[in-house]
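Notes follow once the structure below has been shown.
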Amino acid sequence: MAMDLIVRGANLPDGRVGVDIGVQDGRIVAVEPALKAEAGQEIDATDRLVSPPFIDAHFHMDATLARALTDALPRPDQAGLLFEGIYLWDELKKQLTPEAVAERAMTYCDMAIAQGIQAIRSHVDVCDERLTGVEALLEVKRRVAPYIDLQLIAFPQMGYYRYPGAQDHLRRALDMGVEVVGGIPHFERSMAEGTESVTELMEIAAERGLLVDMHCDETDDPMSRHIETLARETHRLGLQGRVTASHLASMHVMDNYYVSKLIPLIAESEIGVTPNPLTNIAAWGHNNGSYPKWRGMTRVPELREAGITLAFGQDCVMDPWYVYGCADMLEVAHMGSHVAAMFGADEVRACFDAITVNPARMMQLEGYGLAPGCHADMVVLQAADPLEAIRLRATRLAVIRRGEVVARTPATVTELLVPGRPNSVALTYKPTD
């Protein structure tokens, strides 16, 4: 049997080693050792981890790379402060054009595919009567479709009730083709308005048959408990399995007894949770001005233990909220492992799942995975297993989309000039016999 592509000798994230992956017409048709077939192209992946594509389940593409532009920000800021970043973005977006937003977004997508990201869920601000970001990112979505699945969320950054016209703008964005409903209840004027916003936004999603991904309790305030309302409305409207709560930072400082009731409620509602390790630890835990300081990220191990689907997001790259970032989901998983103190073998694997299979489930991506019948989308890594991939933020040797190589990076090898030692060294480790 002739195939289009065979990836030979791969290690898979589930622990299988020496597996061949056969591809025909953009789909995986075989996953087995010593596949007896020929192909027009073969890739030697011996001792290399082959992963399904990386997925960023939480991003803000309309603002990305704004900080990289000379004089892009309207004034100096103290990067990392969430609410300062929100107001800074509100000033900045008044100057934006769809062309400028699209240009930055396309540059970011180039970075993303080179790093093995093939699906991104991006919030897009609708608190703008021009809907500049919506117009731009819908065009970007069309342009990157051959190599990145871009899922857009109608996000009222300045508050669904708080910002004049946001209710109308959000519906217009959905009518234009944005496919997920977002919200930010903790930024409304009062706790009551935050609660009401969750209810109304969930009803919009139910009426339109859409998914939900809501910024929820992104604050150090332990009394910010909009996740409870989100769970209640998920039950009431029958939206189980279609709702994501992003951040949940306040859970870090909530009363333990309350959390012991809250986590089972989230699990029962089948709500997915997306912490953002890099930005959560940057934005929270240092604003109280004293010690002890919080880490700022939600209770990942406890949520995982309850069977809740967890994904890690990049959130921001060089925008009004965050000065760093490089479209590297392995960096995100690396930080997530540290902040959540997840270092056991199963825990590290869970961090890898948080940037692959779990966000795929949240986004309801069709044909995702490394099984026969799935899309032939994968990443060949300069690492032997998920732990090594996260530890090294491993080089992406090849990125494959629908059976075609769309990005390559040479293996990382350092020339060692130390007398009496080998003349080259890789950062991977294999014991000598």
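The values are calculated or read from the model by the stated rules, or taken from the named source; none is laboratory data. As the structure is a prediction and not an experimental result, all values here were calculated from the model. Please note: Cβ atoms are built from the backbone with ideal geometry, for glycine as well, and neighbour counts cover all protein chains shown.
Check Met335 against each of (1) more than 15 Å from the chain's Cα centre (by Cα); (2) on the phi < 0 side of the Ramachandran plot and name the one condition it does not meet.
(1)
Would you call His215 in a strand (DSSP E or B) and in the same structural domain as Ala354 (by TED's automatic domain parsing)?
For His215, the condition - in a strand (DSSP E or B) and in the same structural domain as Ala354 (by TED's automatic domain parsing) - is met.
Would you pick out the residues in region 345-376 that are assigned to a loop (DSSP other than H, G, I, E, B), out of contact with any strand residue (DSSP E or B) (no Cβ under 7 Å at 6 or more places or on another chain) and more than 12 Å from Ala119 (Cβ to Cβ)?
The answer is Gly369, and nothing else.
Return a yes/no flag: does region 286-307 have any residue that is small (Gly, Ala, Ser) and closer than 30 Å to Val17 by Cβ.
yes
For region 337-353, which residues satisfy the criterion of being farther than 9 Å from Arg304 by Cβ, touching a residue at least 24 places away in the same chain (Cβ under 8 Å) and among the hydrophobic types (A, V, I, L, M, F, W, C)?
Matches in region 337-353: Val339, Ala341, Ala345, Val348, Cys351, Phe352.
Do we have Ala411 as within 14 Å of the chain's Cα centre (by Cα) and small (Gly, Ala, Ser) here?
Against the criterion (within 14 Å of the chain's Cα centre (by Cα) and small (Gly, Ala, Ser)), Ala411 does not qualify.
Quick test for you: out of Asp20, Asp25, pick the one residue that is acidic (Asp, Glu), surrounded by 19 or more Cβ atoms within 10 Å (Cβ to Cβ) and under 29 Å from the mean Cα position of the chain (by Cα).
Result of the check over Asp20, Asp25: Asp20.
Before we move on, is Gly183 closer than 26 Å to Ala282 by Cβ, at pLDDT 95 or above and assigned to a loop (DSSP other than H, G, I, E, B)?
yes
Might you let me know whether region 195-214 holds any residue that is within 17 Å of Met251 (Cα to Cα), in contact with a strand residue (DSSP E or B) (Cβ under 7 Å, 6 or more places away or on another chain) and surrounded by 20 or more Cβ atoms within 10 Å (Cβ to Cβ)?
yes
One line per residue, one yes/no per condition, for (1) assigned by TED's automatic domain parsing to the domain that holds Ala411; (2) under 20 Å from Ala394 (Cβ atoms); (3) part of a loop (DSSP other than H, G, I, E, B); (4) modelled with pLDDT under 80:
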position	(1), (2), (3), (4)
Ala63	no, no, yes, no
Pro76	no, no, yes, yes
Gly80	no, no, yes, yes
Gly85	no, no, no, yes
Val101	no, no, no, no
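For Ala112, are the conditions met, namely being assigned by TED's automatic domain parsing to the domain that holds Ile184, assigned to a helix (DSSP H, G or I) and over 13 Å from the mean Cα position of the chain (by Cα)?
no
Test of understanding: among Gln118, Gln151, which residue is closer than 26 Å to Tyr368 by Cα, in contact with a Pro (Cβ under 6 Å, 6 or more places away or on another chain) and polar (S, T, N, Q)?
Gln118
Which of the strands (runs of 3 or more DSSP E) contained wholly in region 19-60 include at least 1 residues that are touching a Lys or Arg at 6+ places or on another chain (Cβ under 9 Å) and over 30 Å from Val124 (Cβ atoms)?
19-24, 27-32, 38-44
Taking Gly420 as meeting all but one of (1) more than 30 Å from Gly182 (Cβ to Cβ); (2) at pLDDT 95 or above, write down the number of the exception.
Result: Gly420 passes all but (2).
From the set of residues in region 102-131 that are among the β-branched types (Val, Ile, Thr) and more than 21 Å from His215 (Cα to Cα), which is surrounded by the fewest Cβ atoms within 10 Å (Cβ to Cβ)?
Checking each candidate, the answer is Thr107.
Pairs please, first residue from region 165-186 and closer than 27 Å to Asp221 by Cβ, second anywhere and buried (at least 24 other Cβ atoms within 10 Å of the Cβ) and aromatic (Phe, Trp, Tyr), Cβ atoms under 7 Å, 6+ apart in sequence or on different chains.
Ala166/Tyr160; Gln167/Tyr160; Leu170/Tyr160; Gly182/Phe155; Gly183/Tyr160
Name the pairs whose Cβ atoms lie under 6 Å apart, with the first residue in region 141-163 and more than 30 Å from Glu193 (Cα to Cα), the second of a type in the set (S, T, N, Q) and at pLDDT 95 or above, and 6 or more positions between them or separate chains?
Ile148/Gln118
Being more than 20 Å from Thr395 (Cα to Cα), surrounded by fewer than 21 Cβ atoms within 10 Å (Cβ to Cβ) and not polar (S, T, N, Q) is the requirement here; does Asp47 meet it?
Answer is no for this residue.
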